[in-house]
Amino acid sequence: MRQFVIAAALLAGAAAARAQWTVEILHPAGASESHLSAAGVGQQAGYALVSGNNRASLWTGMSSSWVDLTPVDADNATIGGVAGGQQAGGVSVGRRGHASIWTGTAASWVDLHPAGARSSAAHGTDGARQAGEIRPGIGPELHAGLWSGTASSFVDLNPAGASSSIAYGIEGGQQAGYAVVTTEIAHDHASLWTGTAASWVDLNPAGAYDSRALDVQGGRQVGWAFTGVGNHASLWSSTAASWVDLHPVEALSGSSFATSVFGELQAGYAYFPGITKAGIWSGTAASWESLNGYLPAEYTSTQANDIWSDGASIYVVGEAYNSAQGRIEAVMWQRPVPEPASLLVLEAGLAALAARRKRHGNNQRPRSVRRPTGLGTMLSKKW
């Protein structure tokens, strides 16, 4: 187990210092790269590249805890979400993707692929229901969808008039993702559903060309919006008018993405010249805090994919490029929940939220994004 501790800087004028972050490298032995997509109660999930194939992966806090969830006879598998002891993702069966869930072992695999679909994938779970998409026909169109643990439970969320859609996050009766809406040309619009296609809410901010929502929790959604100069990390409160631009000032004309939300905190990453930086926000662009500096020097570009808390600690999971080894490695940042005097404010009910925590998948890289040097050019995800 490799653990590194670096004290955070004291906040000028604050009543207390920020707590320490610790960093755990979860890269399993024998893998050529590894990625963390989601975190939940005592679990971290994603995938590892082993012998040229993606293996659905589950950890419990250290690299040696790695469990391969890939079913027998599957070509590839990934996990995008975890909650309530359930993992959601996709499995390649006969070269076609099948939405899938597990409960901690390869033998527990349940195939969610609905009858008649050409392919399917699950990106998130709240422990009882799963969000993702299917490919209904031979064309490129996708339909956002919702399951309740079985293939036959599939509900098509594609809104009327949309040519394609995907649901990424799920929690509290809400599903978040995007729909392709055509005016003069097709645009991605960040989207919110509450269980039916007719419930669709368009979150695309006024003036934005494209947007996607990647996660939802507590009535808030996060993702990105393209407003003309790069993609900007974004926060919503269930309406387009509630949009908050989280783009860090330091990132200048680069792009940024909010990938996860939990309580008052958001996690994601931003592109800086020559480097990608994982970071967190607490509701404003000015609250951006980079997590890069908490890793040893050989870890350069980083990406945060999920944030979660059990009420005692904050957990951020993602990946970092190990320049010494020439590979991407699964990483988890952790620190105690700060005292109320800290600038990082958490909701009073954080522990209660943890008990019903959704998990999302953000295995989809936003389009129209320049891949940076370092981590971005190495990513093998199909984003």
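The values are calculated or read from the model by the stated rules, or taken from the named source; none is laboratory data. Not measured: the values here are computed from a predicted model. Cβ atoms come from the backbone with ideal geometry, glycine included; neighbour counts cover every protein chain shown. Remember, those area values only see protein heavy atoms, side chains included, never the ligands or the DNA or RNA. Shrake-Rupley method; radii C 1.70, N 1.55, O 1.52, S 1.80 Å.
Determine whether segment 301-311 contains at least one residue that is crowded, with 22+ Cβ neighbours inside 10 Å, out of contact with any Gly (no Cβ under 8 Å at 6 or more places or on another chain), of a type outside the set (Ser, Thr, Tyr) and part of a strand (DSSP E or B). Yes. Inspect all residues belonging to segment 231-246 and state whether any of them is touching a Phe, Trp or Tyr at 6+ places or on another chain (Cβ under 8 Å), open to solvent by 20 Å² or more (accessible area, probe 1.4 Å) and among the acidic types (Asp, Glu). No, every residue in segment 231-246 fails to be touching a Phe, Trp or Tyr at 6+ places or on another chain (Cβ under 8 Å), open to solvent by 20 Å² or more (accessible area, probe 1.4 Å) and among the acidic types (Asp, Glu).
Within segment 19-41, residues that are over 20 Å from GLN87 (Cα atoms) and open to solvent by 20 Å² or more (accessible area, probe 1.4 Å) have Cβ atoms under 6 Å from residues that are of a type in the set (Gly, Ala, Ser) and in a loop (DSSP other than H, G, I, E, B) in these pairs: GLN20/ALA7, counting only partners at least 6 apart in sequence or on another chain.
Per-residue answers, yes or no, for (1) modelled with pLDDT under 95; (2) touching a Gly at 6+ places or on another chain (Cβ under 6 Å); (3) among the aliphatic types (A, V, I, L, M):
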site	(1), (2), (3)
ALA151	no, no, yes
PRO159	no, no, no
GLY169	no, yes, no
TYR178	no, no, no
THR183	yes, no, no
ASP188	no, no, no
LEU192	no, no, yes
GLY195	no, no, no
VAL201	no, no, yes
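The residue that is nearest to ALA213 (Cα to Cα), among those in segment 281-331 that are small (Gly, Ala, Ser) and over 21 Å from the mean Cα position of the chain (by Cα), is ALA286. Of the strands (runs of 3 or more DSSP E) lying entirely inside segment 204-294, those carrying at least 1 residues that are among the hydroxyl-bearing types (Ser, Thr, Tyr) are 210-217, 231-236, 256-262, 265-272, 275-281.
When ALA198 is tested against (1) without any contact (Cβ under 8 Å) to a residue 40 or more places away in the chain; (2) over 22 Å from THR125 (Cα atoms), just one condition goes unmet, and that condition is (2).
Residue count for segment 153-164 satisfying the condition of being under 21 Å from ASP215 (Cβ atoms), open to solvent by 20 Å² or more (accessible area, probe 1.4 Å) and in a loop (DSSP other than H, G, I, E, B): 1.
Here's the yes/no breakdown for (1) under 18 Å from ASN53 (Cα atoms); (2) of a type in the set (Gly, Ala, Ser):
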{"residue": "THR78", "(1), (2)": "yes, no"}
{"residue": "HIS98", "(1), (2)": "yes, no"}
{"residue": "SER120", "(1), (2)": "no, yes"}
{"residue": "GLY132", "(1), (2)": "no, yes"}
{"residue": "ARG135", "(1), (2)": "no, no"}
{"residue": "GLY149", "(1), (2)": "no, yes"}
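Filtering segment 65-89 to residues that are out of contact with any Pro (no Cβ under 8 Å at 6 or more places or on another chain) and open to solvent by 30 Å² or more (accessible area, probe 1.4 Å) leaves VAL67, ASP68, VAL72, ASP73, ASP75, ASN76, THR78, GLY84, GLY85.
Of the residues making up segment 165-177, those that are assigned to a strand (DSSP E or B) and open to solvent by 20 Å² or more (accessible area, probe 1.4 Å) number 1. Among the residues of segment 312-327, those identified as surrounded by 22 or more Cβ atoms within 10 Å (Cβ to Cβ) and small (Gly, Ala, Ser) are GLY318, ALA320.
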